[in-house]
Amino acid sequence: MNKFYKVCIGIILVLVIIYLGSLVDFIFKPVLSLFNVLIIVPVLMAAFFYYLLRPLVDLLERHKLNRSLAILLIYAVIAVVITGFVWGVWPSLNTQVEALTQNAPNLFIALGKQLELLENNPFLSDLLPGDKSLFTQITEYLQQGFVFLSNYLTSLFSFFSNFALILFTFPIFLFYMLKEGSKFGQKIVSFLPKRFREEGTETMNDIDKAVSGFIIGRVLVNLALGVLMYVGFLIIGLPYALLLTIIAVIMNFIPFVGAILSSVPIVIIGLVESPSVAIWSLVVILVAQQIQDNLIGPYIFGKQLDIHPLMTIILVFAGGDLFGIIGIIVIIPVYMIIKIVVTRIYIRFFKEKWEEA
């Protein structure tokens, strides 16, 4: 009982400290924000590119090139690629962004006219409820969608507002990850008791393989989706095809929700052009998504991403509510890591006992 009272008192003291800290959160928020910008975000970005670039670094090292020199060589190639993008792709992309920004008022006027024409269509007027017009309904849906999207864009813009600090620290973290990354798992396993180190090594290998497969697979799948959508948009003559494709590829890193959100501006731009372009743009999106989900995705991921679609949706919304845009991006890999660790613990400590009971 004496030990029980000590534990209870300890818990109460911890809760009191947390409560007192919440009263002076204005002191800790700037520190946490700075820590997030200088450490958390650059480390997450470095981990993402670590898994993308590690196979290339390992390949160069196997060809007798010093690992540090291999990393610097890759940095130089990336700098050349970025320069090529700035000179080759960015002018066209920037032109589309400026044109879309300048034409935004005219686009909404044209959208209203198209909706009025659709509303006067006898076939559609029979399908729509009489108390609301098509224009009013779609306007309400768009407002709800923009409110939902703005919550995440606010986090995204705050992320890019600190891009200079991130750009300074991110390459440093990435360099040391690529140089010493294989030792991280060994250091973690070294803290375990000796009888668990073999299983700990296997667990770290499973985690490394799962996260690496997920990140590389997601990038390849999204690039394939971008190519399919861009070709389709060019065929149907969709305006701002390059800009809309890049938005769709970036948003598609958010499972399920990203594909839906990225489809909204595409269909709106298509509808402003003509109803037929809107329909064909939706067809292009659906066909590209089906090819991605049923042909490209299973071939690249195999059985690595063994997550039920409903669980994915729950994880995405939970990650967004708890940690914003960063939570949405990292929640799936975190879930995979937790699942592997919990499965290993269950097999090691509980499976035999529960099956014999």
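A few notes on this one:
- Calculated from backbone phi, Karplus (6.51, -1.76, 1.60) coupling profile of segment 314-326 in Hz, x at Gly/Pro: 4, 5, 4, 5, 5, x, x, 5, 7, 10, x, 5, 5
- A simple packing score, the average count of other Cβ atoms within 10 Å per residue, orders the peptides 323-333, 39-49 as 323-333, 39-49, with the highest score first.
- Added length on full extension, which subtracts the Cα-Cα distance from 0.36 nm per residue, F85 to V97: 2.7 nm
- Separation of alpha-carbon centers, segment 60-93 and segment 271-295, rounded to whole Å: 34 Å
- Calculated from backbone phi, Karplus (6.51, -1.76, 1.60) coupling profile of segment 80-88 in Hz, x at Gly/Pro: 5, 5, 5, 4, x, 5, 4, 7, x
- Measuring only protein heavy atoms, the 1.4 Å probe finds I337 accessible over about 60 Å².
- 20 Å Cα-Cα threshold exceeded, pairs from K64/K179; K183/K339; K209/K339: K183/K339
- ³J(HN,Hα) computed for each position of segment 189-194 - Karplus, 6.51 cos²θ - 1.76 cosθ + 1.60, integer Hz, glycine/proline x: 5, 5, 7, 7, x, 4
The values are calculated or read from the model by the stated rules, or taken from the named source; none is laboratory data. Small disclaimer: the values here were computed from a predicted structure and weren't measured. As a convention, Cβ positions derive from the backbone with ideal geometry for all residues, glycine included, and neighbour counts pool all protein chains shown. These area figures cover heavy atoms from the full protein model, side chains too; ligands, DNA and RNA do not enter into them. Shrake-Rupley method; radii C 1.70, N 1.55, O 1.52, S 1.80 Å.
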